[in-house]
Every structure is written in structure tokens, then in C-alpha cells.
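This report refers to the structure that appears directly beneath it.
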Amino acid sequence: MRGALMRLRRATGLPVAFGGLVEPDSGQMRISELTGTATTALRALAVSSGNGLGGKTVALARPCSVTDYSSSRQISHEYDAAVAAEGLRSVLAVPIVVRRRVRGVLYGALRTAQPLGDRTLTSAVEAARDVEQSLVVRDEAHGLLAAAREPETASGAAWEQVREAHGALRALAPRVEDPALRAELLAVCDTLAAAPASPPMAHGVRLSPRELDVLACVAAGTTNAAAADRLGLRSETVKAYLRSAMRKLGAHTRLEAVVAARRAGLLP
């Protein structure tokens, strides 16, 4: 959220940007991140659907703007005091929509009353898309974490699901910006790898995180090109990591490398 707000200000030249996510329990959008503000008037402000500019944006699930907030007849005025305390006049609000549900709002604002053009609106929408993509990754990561926390000690189809979850988690981890969530993902990967279907053999091999990422993709049956796309790497880079992992494992083929990694307790 903070990164998106900074990008919004750089792209538009707007002096103020702020935003927040909709709280699942209350259904209200709470402003949690602010940049360029001079007061704390907007911090932690809870915005209800339909109320004010942000609430209208949540209700309609589309961008909205006003040229002069306090005198606008297009919105209700429950939050005039906070907006006036910050000295804001022209304000735009863009919804953050994930799977057809509004998850939050990004705002950009001026302290003068003047129209906000299409270029400004386009930049705000692009910033919102960045947050949407991050939320999609986070949601997917939480879903995989929930599924992988208690792997079944089983064989066949059940264990293949565990292996697929492991590969998906390793591919997701580098894309997660939240360091705490990324560390949690990798910790679950380690837990899965430490509980293989058959007892691990002593091996003493150490693979780098990226070598493990590539091997996890190979174990899931992906090609080098597909692994590169999944991990955000070049195909040549994937090949280099795979060659290095094979050398460390004493393997001559991709399949041998996966089998050796599983026997060493590096993959589930």
C-alpha cells in the first residue's frame, strides 16, 4: 500500500496520497497509510460504504473524484472535518478490487480546487492494480499455508497434493513483499520437506534457495521455460540453477536430481 501511494505521487505530482483496506469484520474501509499529509486527521479514519468520497467508491466499485470536497453535491459529508483539517480540496478515490470485491481504496488529493484530469486518474488506477496483484498473491499464499500446515502422512494422491503445495509455496515466496509472510511461507516449505513420504537418507547436501525453487518446479513436472515464468527468471538462469543443483546432488538427469533431493529431505 505504501509503495503504491509513493508511486501514485511520483506519477501524478499530487502532494497527498492515502489509502486503506476494507476490514472483513466491520465492512468499513479504514485509512491506514498516508503520505504527504501535514496532520493526523485522516489516520485510522473508518469510512462506511456509501459515505463520503471513499464510501461512494466502495459502494460503486469505480473511481470517483470531486473538484472541491467540502462543497460537492455528489457525495455525503460525514468526513468533512477530517478533510478540512488536512486542507484538502480536490480529491480522487480509486477502488482496489479483487475477485469482484472491493478490498480497499487509494486516494490522491490537492490542497487547491482544480479538476483532476484523465492522466491523473489513469495513474491512480495503475497504482490500485499494483495493490490488487499483491493482495491476490497474499490470498493465494494464505490459502496454501492453510492447506499445507498439516500435511497428511500418506502416499499416492494425497502426498502428491502436498508436493504440489510445496512447489506452489516456493514459487510464491519470492513474490511476497511482506517479509514476515515470506518467512512463514519458507518455514512451511521446510516443514513439508522435512516430512517426506519415505525416511530421508543422510546426504549433507546444501542447496541455495533458488536451486530449491527450481527443483520444486521440476518435481511438479514443469519445463525450464514454465519454471522461468513461474519464478520470474530467465530460462538460461533456471538452467544454470538446475545444473548447479544436479552437480551438488551427483545427479545426471532432472529426475535423478528430484529423487536425490527427496532422499536428502530437501523436497517432500
Can residue 3 be described as in contact (Cβ under 8 Å) with a residue 60 or more places away in the chain and in a strand (DSSP E or B)? no
Out of (1) hydroxyl-bearing (Ser, Thr, Tyr); (2) over 13 Å from the mean Cα position of the chain (by Cα); (3) at pLDDT below 90, what's the single condition that is false for residue 112? (3)
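Listed residues 8, 60; which is surrounded by fewer than 18 Cβ atoms within 10 Å (Cβ to Cβ) and under 25 Å from the mean Cα position of the chain (by Cα)? If you could, list the steps in order and put the result at the bottom.
Details: 8 fails: surrounded by fewer than 18 Cβ atoms within 10 Å (Cβ to Cβ).
None of the others qualify; the one that does is 60.
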Hey, could you check the stretch 100-129 for residues that are within 11 Å of residue 67 (Cα to Cα) and among the polar types (S, T, N, Q) and say which is surrounded by the fewest Cβ atoms within 10 Å (Cβ to Cβ)? 114
Any residue that is closer than 24 Å to residue 138 by Cα and either at pLDDT below 95 or of a type outside the set (Gly, Ala, Ser) (or both) - is there at least one of those in the stretch 79-89? no
When you look at residue 251, is it surrounded by fewer than 21 Cβ atoms within 10 Å (Cβ to Cβ), of a type in the set (A, V, I, L, M, F, W, C) and either modelled with pLDDT under 90 or touching a Leu at 6+ places or on another chain (Cβ under 9 Å) (or both), yes or no? no
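The values are calculated or read from the model by the stated rules, or taken from the named source; none is laboratory data. Everything numeric here is computed off the predicted structure, so don't read it as measured data. Reconstructed Cβ throughout: ideal geometry from the backbone, glycine too, with neighbour counts over all protein chains shown.
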